[in-house]
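Accompanying notes for the structure given below.
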Amino acid sequence: MKRVCVFCGSSEGGRPAYAEVARRLGAELAARRLGLVYGGCAVGLMGVLADAVLGHGGEVIGVIPEPLVARELAHASLTELRIVGSMHERKATMASLADGFIALPGGLGTLDETFEVLTWAQLRIHTKPVGVLNVDGYWDGLRRLLGHAVEERFVRPEHAALLLFADSPADLLDRLSQRSLDGRSDASHG
């Protein structure tokens, strides 16, 4: 892996632990010489993460739709900022630049982006690992929902297993790297 795409909130959320883990993930990405691809925002967890990677000498590529540049406060100090025409182009560009995906806590946009790349993995559109950093149990509900969807036979167990869960940045990056190196692509579990 050379770059990881991280989906996360344009807010810092309600717990200091969210920003702290974003900082730790940023430091870990830079220490491993993994570039960050993200939504290009300067505020919220997005800004905290980008600043952490940059502060540790890492590469950060932001991708933001032109209509959101002013509204989301595009980060002005990135290695590269790509301004695109739409949310669809943003997601496709981020996916094309990354070798794996991580979701930190976030809102509807984070959920949308995470489910889209997970669906692409299920459909074998890509074979890149996808994981969530489960800060203070933030993603526990998603784990339960996926389990319920499996029980109700809407999601196959091997497709639910495409989403990796971890509690620390180092553990999640290890798991993403291992899945990528093993050749156990997201699509090969089905």
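The values are calculated or read from the model by the stated rules, or taken from the named source; none is laboratory data. Please read all numbers here as calculations on a predicted model, not as lab measurements. Here the Cβ is made from the backbone with ideal geometry for all residues, glycine too, and neighbour counts use every protein chain on show.
Here is how the numbers come out for the structure above:
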{"read-out": "Count - residues of segment 11-29 that are surrounded by 16 or more Cβ atoms within 10 Å (Cβ to Cβ) and more than 24 Å from residue 177 (Cα to Cα)", "value": "2"}
{"read-out": "Residue 91 being in a loop (DSSP other than H, G, I, E, B) and of a type in the set (Lys, Arg)", "value": "no"}
{"read-out": "The lone exception for residue 74 - which of (1) in contact with a strand residue (DSSP E or B) (Cβ under 6 Å, 6 or more places away or on another chain); (2) of a type in the set (A, V, I, L, M); (3) modelled with pLDDT of 95 or more it fails", "value": "(3)"}
{"read-out": "Within segment 94-123, tally of residues that are over 18 Å from residue 44 (Cβ atoms), part of a loop (DSSP other than H, G, I, E, B), touching a helix residue (DSSP H, G or I) at 6+ places or on another chain (Cβ under 7 Å) and not charged (D, E, K, R)", "value": "1"}
{"read-out": "Every pair of residues 6+ apart whose Cβ atoms lie under 7 Å, when the first sits in segment 128-139 and is over 22 Å from residue 3 (Cβ atoms) while the second is in a strand (DSSP E or B) and of a type in the set (Val, Ile, Thr)", "value": "139/132"}
{"read-out": "Flag for residue 95 being farther than 18 Å from residue 12 by Cα, among the small types (Gly, Ala, Ser) and in contact (Cβ under 8 Å) with a residue 12 or more places away in the chain", "value": "yes"}
{"read-out": "Residue within segment 126-138 that is surrounded by 14 or more Cβ atoms within 10 Å (Cβ to Cβ), over 14 Å from the mean Cα position of the chain (by Cα), closer than 22 Å to residue 63 by Cα and at pLDDT below 95 present", "value": "yes"}
